[in-house]
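To start, the structure itself, in structure tokens.
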């Protein structure tokens, strides 16, 4: 008994010792990876939130070799998505926003994942995620639920109305084979022949043309033969009792009492242009266009009204809009090399991204776009330039970081930072100018005539949205400043200005930045001064005079990012007059 008890105790002791050794490892696994293990995960480098228009939100998630974000929860006031595995250097972060759609964003490290929570003011739903894992950048586009529902309803607005149910009492719907050989027979006689064939009375409306028909058919179903004739000559028919009335659709509606006048409101297009398209594409003849009320009046049958509505729904579409964010910066000669290096880096990464056919939204966020090194590029915990500053826009993009470095070292300055929205194909102008008043002339009595000179940056954009979310931008940039004055014969002072202008046309993808540079300025200034009386002393007077020659060289560059904004359409507004 003692021997068996002793044998049983030994395995228990071994199991206890083994369990005691494994408990710390199990406890550590339950608590999650260590800080050293987390540092080996793909790092989160930045999160930028932008509201595009009134219904769309863009989130740019950047880092190194990130996995594709997953939406885990969506309610009426929040959206949660996870990047797994990923590393957030600061452990947690949050920021408030004053956007109409977004209240704030929070990020938190949870084991080997980073959980992002977006607090919203109205329900949002995911539109798409751009980027292929592992990626250095993902773009998450959200749109308001109401806007998304309207977009889903739009395809049904452009579909033709369903055909009316087949009337089996209609003799012209028969599939009985017919054979006839016609040569130079009047169209009215053809209809009369068909009426005799089906045993019905035929009434030819005055709209039936006196056209000669030549046709040879053999064993063709009756409904097909009639369909050929009706489509070739744009005819229709109606059955009243045992009488078939043949004529144009509008005249048939008038004869049968189905004709009415309906008003269609034009919301976006030019009334005359829309009316002409409706008349041609819908095949209506009785149409009146009221430019004052932006209304098209059509007199026809209910069937034609359906076609008018379908055509007008397509030609009177709100179209798309383009939001252009621009930044104009002027750098001195000492900062020009840094600007050119920055631009080269942007375009190097832009073309890498563009040729891959993936995200197409800009550039990567490393100094070496072809070789991202997480250990060297990951933000260190506790530093000031962490995720919070990135979200504020100081380090949102590599481009912004480079520009801020140039500005902070007094090698450049931002001339303007405008943002504007315009319709697809319409020109938008931004004028950030100052009016410089000057006396342009004087009359014989010496009274001055004042004029003004505009100086400052002027931007003109004409964006055109093409296929595959590619935007063609026709761009004109003009900058100017007053560098001095010169006097006229009557003592007038005219401003001397320096103007720089560039006109170009480029194609970029939605959300992709492009840079326009090369607007150089080289100004030479000479200043002369002297001390009165003393400077007039012979020989010694030169000691009391001074002269200073300066030369200022600078370059103006502009960075532009276009964003495509969609505008959903609603049904055409219409009402019947009589």
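Results, tabulated for the structure shown:
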read-out	value
Residue 453 being farther than 30 Å from residue 565 by Cα, within 31 Å of the chain's Cα centre (by Cα) and part of a strand (DSSP E or B)	no
Residues of region 548-578 that turn out to be surrounded by 11 or more Cβ atoms within 10 Å (Cβ to Cβ) and either without any contact (Cβ under 8 Å) to a residue 24 or more places away in the chain or over 20 Å from residue 321 (Cα atoms) (or both), as a count	10
Residues (under 15 Å from residue 73 (Cβ atoms) and surrounded by fewer than 17 Cβ atoms within 10 Å (Cβ to Cβ)) located in region 124-144	125, 126
Total residues in region 66-88, condition out of contact with any helix residue (DSSP H, G or I) (no Cβ under 7 Å at 6 or more places or on another chain) and either in a strand (DSSP E or B) or within 13 Å of residue 123 (Cα to Cα) (or both)	15
Matching entry among 275, 283, 319 (being more than 19 Å from residue 257 (Cα to Cα) and surrounded by 17 or more Cβ atoms within 10 Å (Cβ to Cβ))	275
Of all residues making up region 113-123, the number that are surrounded by 16 or more Cβ atoms within 10 Å (Cβ to Cβ), out of contact with any helix residue (DSSP H, G or I) (no Cβ under 7 Å at 6 or more places or on another chain) and outside any strand (DSSP E or B)	0
Meets criteria (at pLDDT below 85 and over 30 Å from residue 506 (Cβ atoms)) for residue 285	yes
Any hit, region 104-124, residues being modelled with pLDDT of 90 or more and under 19 Å from the mean Cα position of the chain (by Cα)	yes
Looking only at region 275-292, and only at residues there that are in contact (Cβ under 8 Å) with a residue 24 or more places away in the chain and out of contact with any strand residue (DSSP E or B) (no Cβ under 7 Å at 6 or more places or on another chain), the one that is nearest to residue 235 (Cα to Cα)	283
Residue in region 143-153 that is at pLDDT 85 or above and assigned to a strand (DSSP E or B) present	yes
Condition broken by residue 46, with the remaining ones in (1) modelled with pLDDT of 85 or more; (2) surrounded by 18 or more Cβ atoms within 10 Å (Cβ to Cβ) satisfied	(1)
Options 308, 331: the member that is part of a helix (DSSP H, G or I) and crowded, with 17+ Cβ neighbours inside 10 Å	308
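The values are calculated or read from the model by the stated rules, or taken from the named source; none is laboratory data. Treat the numbers as computed from the prediction; the structure is a model and nothing was measured. Backbone-built Cβ (ideal geometry, glycine too); neighbour counts: all protein chains shown.
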